[in-house]
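Encoded as structure tokens, the structure appears first; notes follow it.
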Amino acid sequence: MCWKKALAIAVIFILCIFQAGCSGGFHDRNESAGQEGAANDYIVVGFSQLGAESDWRNENTESMKSSFTEENGYTLIFEDGQQKQANQIRAIRMFIQQEVDYIVLAPVMETGWDTVLQEAKDAGIPVIIVDRKVDVSDEGLFTCWVGSDFELEGKKAAEWLNQYATEKGIESGDIHVVNIQGTKGSSAQIGRTKGLADAARANGWDLMAEVIGDFTRAKGKEVVESLLKQYNNINVVYCENDNEAFGAIEAIEEAGRKAGSNIAGGEIMVISFDGVNEEAIQYMLDGKIICIAECNPLHGPRVQAIIELLEKGGTPEKWQYVDEEIYSVDETVKRLTIEGADYEVTILRQKDKK
Ligand code: GYE
């Protein structure tokens, strides 16, 4: 070949390499999207987290932050709603203005999202709901949801109590239970409350009170303190998360009572949800929380997988439920059967300490 032709081929080759190097990754992104300084080839995710009320929430935030890193090809815009739906709506509108590629929403409550999700849809931005659900008139307003089956968690905790009482010969009328509920109107509260209320009705337990504890330690303590003053026969405290349980135990001990499983001997049994950290495990090993229905907060990689599928043009499953366990320190109940399905109880022992 002549030298001119060879030179032309070489120039084209170099230009191709240069072009590939500049596009730098698998996505070309709109330059207006993302935070100032964000490179235009990252996937921009706006995540509206609902708050920082519990250990579960902190683990969840951590999981999301460690999935949506620049190293993984993302720019994350994180907004903390501080338990207020209005803040979350404002964050979503900001994400729309910023033309993010995806909106991820962990909604504080179920209702009230139709308008803002319609706005996201009109802007052509896919919305992935994580953790709690949204109750909207048109399910086409969001791409998919990933989280826990909160009612099943509640059923497991209640069935554990039912089997424990049966094994120990405790009459159902002698179960005097109070429910320390989570944030009113959130899926976790609605599902866990229903799990207990249905079981109480079916088994004939005395469900004495349902009060809001906001998923926090401080509120959990405050409401249990006043319930213990109001009723002297409470023997089961069902807390809709561990932080409430930690507060409840403080209130029980400050009232001169003991948190434990021997309810016939005057102890107050504490049951809860989450089981995300060492503190919760320690409370179990100390025999103060008797049973925990696990709630898994590690949704970062799950949402990341959903986005990767969408990027490839795939269609994620609309409802993605996470498998969860039930833990106890007491060996009385080893297996639960709920609506024909069997669930093994994971018995924690000292050696399981993290
Ligand atoms: O159980 C609780 C948190 O929605 C699953 O919210 C979540 C719940 C979790 O504050 O600890």
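The values are calculated or read from the model by the stated rules, or taken from the named source; none is laboratory data. Everything quoted here is computed from the prediction, not taken from an experiment. Quick reminder, even Gly has a Cβ in these numbers, built from the backbone with ideal geometry, and neighbours come from all protein chains shown. Ligands, DNA and RNA are excluded from the accessible area calculation, which covers all protein heavy atoms including side chains. Shrake-Rupley method; radii C 1.70, N 1.55, O 1.52, S 1.80 Å.
Using only Cα atoms, locate the centre of the stretch 226-298 and the centre of the stretch 44-108, then give the distance between them in Å, rounded to an integer.
Taking the Cα centre of each part, the stretch 226-298 and the stretch 44-108 sit 31 Å apart.
How many nm separate the modelled label positions at K334 and T115, each set 7 Å beyond the Cα in the direction of the Cβ?
Rounded to a tenth, the inter-label distance reads 5.7 nm.
P(r) for the stretch 159-245: what percent of alpha-carbon pairs falls in each 5 Å bin, starting at zero?
Once binned at 5 Å, the Cα pair distances of the stretch 159-245 give 3, 15, 26, 23, 19, 11, 2, 0.
Among DSSP bridges having both ends in the chain, what percentage is antiparallel? Round to the nearest 5.
For the chain, the DSSP antiparallel bridge percentage is about 15.
How long are the semi-axes of the equivalent ellipsoid of the chain, taking √(5λ) for every eigenvalue λ of the Cα gyration tensor, in whole Å from largest down?
49, 21, 17
Give me the 1.4 Å probe accessible area per residue for the stretch 104-232, excluding ligands and nucleic acids, in Å².
38
Obtain the radius of gyration and the Kirkwood radius of the stretch 267-306 from its C-alpha atoms and give Rg over Rh.
1.17
Enumerate the amide H contacts of C291 below 5 Å, restricted to partners 5 or more residues apart or on another chain; note that Pro and chain-start residues carry no placed amide H.
S272
Output wanted: per-residue J couplings in Hz (rounded whole) for the stretch 247-253, from phi through Karplus 6.51 cos²θ - 1.76 cosθ + 1.60, θ = phi - 60°, x for Gly and Pro.
3J(HN,Hα) across the stretch 247-253, in whole Hz: x, 4, 5, 4, 5, 4, 5.
Sum -39500 (n - 2.57) across every DSSP H segment of at least 4 residues in the chain, then divide by the residue count to get the 222 nm mean residue ellipticity, nearest 500.
Theoretical 222 nm ellipticity from helices: -12500 deg cm²/dmol.
How big, in percent, is the set of alpha carbon pairs in the stretch 80-119 lying more than 14 Å apart?
Counting every Cα pair in the stretch 80-119, those more than 14 Å apart make up 41 percent.
Take every Cα pair under 8 Å in the stretch 51-191 that's 6+ residues apart, average their separations, divide by the length, and report that relative contact order as a whole percent.
19
Using modelled amide H (1.01 Å from N, peptide plane; none on Pro or chain starts), what sits under 5 Å from the amide H of G182, excluding residues fewer than 5 places away?
G213, E240
Find, among the trypsin sites (Lys or Arg not before Pro) in the stretch 73-158, those assigned to loop by DSSP (not H, G, I, E, B) with at most 16 other beta-carbon atoms within 10 angstrom.
Hits after loop and neighbour filter: K84.
Express the carbon and sulfur contribution to the solvent-accessible surface of the stretch 104-171 as a percent, rounded to the nearest whole number, probe 1.4 angstrom.
40
What's the whole-number percent of alpha carbon pairs in the stretch 280-339 lying beyond 13 angstrom?
The proportion of pairs with Cα distances above 13 Å equals 72 percent.
Taking amide H positions as placed 1.01 Å from N in the peptide plane, with prolines and chain starts having none, which residues 5 or more places from I43, or on another chain, fall under 5 Å of its amide H?
Correct list: Y74, T75.
Between K194 and A305, what is the FRET efficiency for a Förster distance of 45 Å, r being their Cβ-Cβ separation, to the nearest 0.05?
Given R0 = 45 Å and the Cβ-Cβ separation, E is 0.95.
Kindly give Rg over Rh for the stretch 235-354, based on alpha-carbon atoms, with the Kirkwood expression for the hydrodynamic radius.
Expressed as Rg/Rh, it is 1.10.
With the crude spin-label approximation of a point 7 Å out along Cα→Cβ, what separation in nm comes out for K65 versus A264?
4.9
Tell me the carbon and sulfur percent of the accessible area for the stretch 237-346, rounded to whole percent, probe radius 1.4 Å.
Its accessible area is 45 percent carbon and sulfur atoms.
Set the bar at 31 Å for Cα to Cα. Now go through K168/K318; K194/K219; K168/K229; K65/K334 and name every pair that lies beyond it.
Violating the 31 Å limit, Cα to Cα: K168/K318; K65/K334.
Would you mind giving the three semi-axes, in whole Å and largest first, of the ellipsoid equivalent to the stretch 198-238 according to its Cα gyration tensor?
Equivalent-ellipsoid dimensions as semi-axes: 21, 13, 7 Å.
Explain nothing, just compute: Karplus ³J(HN,Hα) = 6.51 cos²θ - 1.76 cosθ + 1.60, θ = phi - 60°, for every residue of the stretch 43-49 in order, whole Hz, x for Gly and Pro.
7, 9, 10, x, 10, 9, 8
P(r) for the stretch 95-213: what percent of alpha-carbon pairs falls in each 10 Å bin, starting at zero?
13, 35, 23, 16, 10, 3, 0
Using θ = phi - 60° and the Karplus relation 6.51 cos²θ - 1.76 cosθ + 1.60, list the HN-Hα couplings for the stretch 325-335 in order, rounded to whole Hz, with x at every Gly or Pro.
So the J values, rounded to whole Hz, are 9, 10, 10, 8, 9, 9, 8, 4, 10, 9, 8.
Suppose the chain between K312 and A341 were pulled fully straight at 0.36 nm per residue; how much longer would it get relative to their current alpha carbon spacing?
Stretched out fully, the K312 to A341 stretch lengthens by 6.9 nm.
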